[in-house]
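Working notes for the structure below.
The values are calculated or read from the model by the stated rules, or taken from the named source; none is laboratory data. Computed from a predicted structure; not experimentally measured. Glycine also receives a Cβ, built like all others from the backbone with ideal geometry; neighbour counts cover every protein chain displayed.
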Amino acid sequence: MSMVWKIDDLIAVLSVEDKVKLVVGVGRAKEVPGAAGETRSVKDVKPISLTDGPSGVRIEGSGDLWYYATAFPAPIMLASTWNPEVVEEVGKAMGEEAKYYNISVLLAPGLNIHRHPLCGRNFEYFSEDPLLSGVMAATFVRGVQSTGVAATLKHFVANEQEVNRRIVDTIVSEKALREIYLKAFEIAIKEGDPWAIMCSYNKLNGVYTCQSEWLLTQVLRNEWGFKGLVMTDWGAGDNPVEQIKAGTDLIMPGNDDIVKWVIEAVNRGALPIHYLDRAVKKVLELIERTATARESRREIDWKKHSEVAYRAAVEGVVLLKNNGILPLKPGTRVAVFGTGQVETLKSGMGSGHNHPRYVVTILEGLKKSEVIVDEELSSRYENYVLSKRGKDKLDKLYRDEILLEHIPQDIVSEEDVAKYAERNDVALIVITRISGEGWDRKSVKGDFYLTDDEQKLIDIVSKYFHSKEKKVIVILNIAGPVEIVSWRDKVDAILVIWLPGQEAGKVVADILLGRVSPSGKLPITFPKDWKDVPVAKSSECYPGIPQDNPRFVVYCEDIYVGYRYYDTFGIEPAYEFGYGLSYTKFEYRDIKVEKTGTSVKVSLDVINVGAYPGKEVVQIYIKAPKGRIPKPFQELKGFKKTKLLKPGEKERIEITIPIRELASFDPDRKLWVVEPGEYQVRVGTSSRDIRLIASFTISEEHIFAP
Ligand code: BGC
């Protein structure tokens, strides 16, 4: 690593102006035009570039300059794999692509919690559960950083809505913060050692996160031992001097006015120089740490990366329902309905999109596979999309960021559907939902609910196909949950393919044909209805819907987020956290629980007792004894995906849970506490399909400092 300067020596000779320039970045990047930002050039210190993002390297091209990069499945789908190895591979491939484009810092992974189904950026985040989120983020970080590129955890913290994201004040108890929202970051930091973190736009209990000394210095650095750099989200907060004092090291994207503001504060004595030096040191350390990335750029094996994207996507497909129709046999004649077969969504919008060389649409994937597509029907959807969207828009679909407004899906008459039912063996209906940065989804038809035309399509297709004893499969190409209960009985199979990245159509074909048995599990709860979601209880708990200009949001449900709420208060979801079917069947046997002074080891056998090869996700939920501190009914404390098990094959699974991870935060004592009593170990294939139960006893209270 050939840095010409030594950090402390350099700090000793830099002028105040130079120091300030190092900690205030620029947005209009010159090194890599189209990147999200870069640092400034100061003396011998060259700028480094930063760019998004969570679904693939995103650099905006212009004119003839295009930065093609692999479109990987969105993080919501990565989390659905429950397979950290796959996520690490994705991180590594993204790191290599970042490096190829001379990007030193990747602005990913996103690690906010799916507090409710409608946050516009949920697809950029992993899960409603902090353990699953934290583990996935940690492995993603390790993958990225193995290439020498820095990963950035974002958005720290409590940024679970997009409405008024730049000013909204998140009001949340310290207990919920520690157990849910901070917890995901804590795990990712301790297990992944990210070199950077991005504080969020919002305020936290009255203070902008990027200006919170408690958050950035006390919790992040002093308690968790974070050694990396803190940068602001783009334009976050309202006072750069407060930001630097609080523990922010790099203000992004920054501008010359901010440079002046900070210099003036130093000169006036309002910003003691040691704060500035601390930030400068972190910026220089980040530049130094990422030097190998800039020195070891090499060509990308794009084919190999497309395979990484494919592998991750195929493991993240979640099978919600299967009345025995899947997998399809080669030669099955398939009638495909819905515009999503042509304008398949690879990703969401905003920082979570990028520019792949191609996207295999669902239609293209099916046509190349061993099913026989009713091409006349599909060409009607193709022509319809072309006439409604225009050629220009379609040409740009995967190159630009395009919002596809809903267009009616029921373009076929009943007589036509009767004809298609006659000449095909099975019907496939594709339903799509997009979302993106800067806006939230809505609990209305066309978003959380299906539109009337989508419902009608399901009605008539089911009617005519069922009258011929033929089955109907729905494919959900969605950014987040939709309402399913009102129509699920009308169809025979439902597959969630989320936003699967550039290999979408290949993934769909391979799953439908059983080349791969689905092994994805929901990383979130699918509620039966919006009114069942805890945040829907009052407009204070989720302002913005219907109000448009919220100043604050109260996390009323406290620690009862996602399944923690549904399980504790006995609300039945449409599909529970951890749910997902396979083409094969697994049995769980021979549970053993061994407790030592510091951990609990759970082991068990998983046996494939079905007819197809498949992978299973073993989930361990712990139900704590009733004690003094409020606890959810159960909490995920460990998980493991098996290897590919052939029919009859068995794997012994071992999961170790540190006793510390059983603790709840006691806000009165400001300590983590494990209360004594009998703890139930619940081993499930989902949070509600528990296959084995055992227990262990904690004889005395354990306490841990935060
Ligand atoms: C987003 C960040 C992103 C940044 C740079 C912001 O608007 O919130 O997630 O990394 O822009 O593109």
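Structure summary
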item	result
Given (1) in a loop (DSSP other than H, G, I, E, B); (2) in contact with a Leu (Cβ under 7 Å, 6 or more places away or on another chain), number of the condition ILE591 does not satisfy	(1)
Pair list, Cβ under 8 Å, 6 or more apart: the stretch 302-323 residue farther than 12 Å from GLU89 by Cα, other residue buried (at least 24 other Cβ atoms within 10 Å of the Cβ) and basic (Lys, Arg)	GLU315/LYS615; VAL318/LYS521
Any hit, the stretch 39-50, residues being of a type in the set (S, T, N, Q), away from the ligand (no atom under 16 Å from the Cβ) and free of Cβ contacts under 8 Å to residues at least 40 places away in the same chain	yes
Residue satisfying condition, being of a type outside the set (Asp, Glu) and within 19 Å of the chain's Cα centre (by Cα), within set GLY34, GLY27, GLY63, GLY53	GLY53
Qualifying residues in the stretch 13-30 (those that are within 14 Å of the ligand (Cβ to nearest atom) and surrounded by 14 or more Cβ atoms within 10 Å (Cβ to Cβ)) - the one farthest from VAL266 (Cα to Cα)	ALA29
Residue check, CYS210 within 16 Å of the ligand (Cβ to nearest atom), without any contact (Cβ under 8 Å) to a residue 40 or more places away in the chain, closer than 25 Å to LEU250 by Cβ and over 13 Å from the mean Cα position of the chain (by Cα)	yes
Candidates GLU594, GLU576, GLU675 - the one that is acidic (Asp, Glu), more than 29 Å from the chain's Cα centre (by Cα), modelled with pLDDT of 95 or more and buried (at least 18 other Cβ atoms within 10 Å of the Cβ)	GLU675
Some residue of the stretch 167-181 being closer than 19 Å to VAL553 by Cβ, without any contact (Cβ under 8 Å) to a residue 40 or more places away in the chain and aliphatic (A, V, I, L, M)	yes
Residue in the stretch 492-505 that is among the charged types (D, E, K, R) and touching a residue at least 40 places away in the same chain (Cβ under 8 Å) present	yes
Selection within the stretch 383-413 - touching a strand residue (DSSP E or B) at 6+ places or on another chain (Cβ under 9 Å) and closer than 22 Å to VAL360 by Cβ	GLU401, ILE402, LEU403, LEU404, GLN409
Every residue from the stretch 264-301 that is buried (at least 17 other Cβ atoms within 10 Å of the Cβ) and touching a Phe, Trp or Tyr at 6+ places or on another chain (Cβ under 7 Å)	LEU286, ARG289, ILE300
Condition check for GLU17: under 20 Å from the mean Cα position of the chain (by Cα), in the same structural domain as VAL135 (by TED's automatic domain parsing) and among the charged types (D, E, K, R)	no
Residue within the stretch 436-445 that is at pLDDT 95 or above, over 22 Å from the mean Cα position of the chain (by Cα), surrounded by fewer than 23 Cβ atoms within 10 Å (Cβ to Cβ) and part of a loop (DSSP other than H, G, I, E, B) present	yes
Which listed residue, of SER369, SER351, SER347, is assigned to a loop (DSSP other than H, G, I, E, B) and within 16 Å of the ligand (Cβ to nearest atom)	SER347
Of all residues making up the stretch 164-207, the number that are more than 16 Å from the ligand (Cβ to nearest atom), under 20 Å from the mean Cα position of the chain (by Cα) and not in a helix (DSSP H, G or I)	1
Selected residue (criterion: nearest to the ligand (Cβ to nearest atom)) from residues of the stretch 248-261 that are touching a Ser or Thr at 6+ places or on another chain (Cβ under 8 Å) and of a type in the set (A, V, I, L, M, F, W, C)	MET252
Cβ-Cβ under 7 Å pairs, at least 6 apart or on other chains, the stretch 95-118 side closer than 17 Å to GLU288 by Cα and not assigned by TED's automatic domain parsing to the domain that holds THR51, far side within 16 Å of the ligand (Cβ to nearest atom) and among the basic types (Lys, Arg)	none
Test for ASP558: is it at pLDDT 95 or above and in a loop (DSSP other than H, G, I, E, B)	yes
So PRO33, is it touching a residue at least 60 places away in the same chain (Cβ under 8 Å) and either within 16 Å of the ligand (Cβ to nearest atom) or under 16 Å from LEU107 (Cα atoms) (or both)	no
Residue selected from the stretch 597-623 under the condition hydrophobic (A, V, I, L, M, F, W, C) and surrounded by fewer than 22 Cβ atoms within 10 Å (Cβ to Cβ), by the criterion farthest from PRO518 (Cα to Cα)	ILE622
All positions within the stretch 674-706 that are out of contact with any Gly (no Cβ under 9 Å at 6 or more places or on another chain) and closer than 19 Å to GLU576 by Cβ	GLN680, VAL681, ARG682, VAL683, ILE693
Given (1) in contact with a Phe, Trp or Tyr (Cβ under 7 Å, 6 or more places away or on another chain); (2) away from the ligand (no atom under 16 Å from the Cβ), index of the condition LEU10 fails	(1)
Where a residue in the stretch 324-336 is under 16 Å from GLU364 (Cα atoms) and its partner, wherever it lies, is polar (S, T, N, Q), with Cβ under 7 Å and at least six apart	ARG333/ASN424; VAL334/ASN424; ALA335/ASN424; VAL336/SER378
Hits in the stretch 405-456 (condition: within 16 Å of the ligand (Cβ to nearest atom) and of a type in the set (Asp, Glu))	GLU437, ASP440
Residue among THR248, THR332 that is touching a Cys at 6+ places or on another chain (Cβ under 6 Å) and modelled with pLDDT of 95 or more	THR248
Leading residue by the ranking (farthest from VAL141 (Cα to Cα)) among those in the stretch 54-74 that are modelled with pLDDT under 95 and touching a Gly at 6+ places or on another chain (Cβ under 6 Å)	GLY61
Subset of the stretch 223-247 that is assigned to a loop (DSSP other than H, G, I, E, B), under 17 Å from ARG166 (Cα atoms) and touching a helix residue (DSSP H, G or I) at 6+ places or on another chain (Cβ under 7 Å) - its residue that is farthest from the ligand (Cβ to nearest atom)	ASN239
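Results for (1) β-branched (Val, Ile, Thr); (2) in the same structural domain as LEU326 (by TED's automatic domain parsing), shown as yes or no for each residue.
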site: LYS471; (1), (2): no, yes
site: VAL485; (1), (2): yes, yes
site: ARG488; (1), (2): no, yes
site: VAL491; (1), (2): yes, yes
site: TRP498; (1), (2): no, yes
site: LYS506; (1), (2): no, yes
site: LYS531; (1), (2): no, no
